[in-house]
Amino acid sequence: RSRDPVVLARALASSGFRRVQASDVDGLRDRSESIVGIENVIRDGAIGVQVLVDTQSNDIIDRMIDTGAESVVVHASVIDDHAWVESLARSYPGSIVVASEVHDRHFVARGWRGLPTDVLELVDELEGMPLAGLLVSLANT
């Protein structure tokens, strides 16, 4: 078995998978081995890549999109404000996904100041933004 992420991505693609979600265990630092591996998979082009970002860093998001990621998932717990998400969505229409955990329609992890507590209120707030989607994980807490 290879530890090369490009070899793994090609194997997944040859098995019929069309997209993978990649996240950097090193926190998406500029020169981490993980970030370089993600960029190599994206550049290889054998499979579409969606990148999970756990930081509010425009530089990292720009880098992933510029490299060719199909989309970037930004977790609501790292979002400081609505204006940043809107700006990001307008800069990369159809490429940004907002993600959060929800229990009984209420957010579990909070970070976004003023984030609605109800998932349906968030849908209303995000309406009109050119996002790729909203990723909701159900939490059993």
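The values are calculated or read from the model by the stated rules, or taken from the named source; none is laboratory data. Keep in mind the model is a prediction, meaning the values are calculated, not measured. For accessibility, only protein heavy atoms count, side chains too; no ligands or nucleic acids. Shrake-Rupley method; radii C 1.70, N 1.55, O 1.52, S 1.80 Å.
The number of residues in the stretch 50-99 being more than 18 Å from V123 (Cα to Cα) and small (G, A, S) comes to 5. Taken over the stretch 121-141, the criterion of being open to solvent by less than 40 Å² (accessible area, probe 1.4 Å) and part of a helix (DSSP H, G or I) is satisfied by L122, L126.
Screening the candidates D62, D44, D81 for the property of being within 17 Å of P130 (Cα to Cα) and at pLDDT 80 or above yields one hit, D62.
Looking at the stretch 8-41, which of the residues that are in a loop (DSSP other than H, G, I, E, B), at pLDDT 95 or above and not hydroxyl-bearing (S, T, Y) is most open to solvent (accessible area, probe 1.4 Å)? Let's see the steps before the verdict.
Kept after step one, since they are in a loop (DSSP other than H, G, I, E, B), are these residues of the stretch 8-41: 15-18, 24-32.
Restricting the remaining residues to those that are at pLDDT 95 or above gives 15-18.
Checking the rest, the ones that are also not hydroxyl-bearing (S, T, Y) come to 16-18.
Details: G16: 58, F17: 115, R18: 202 Å².
My answer is R18.
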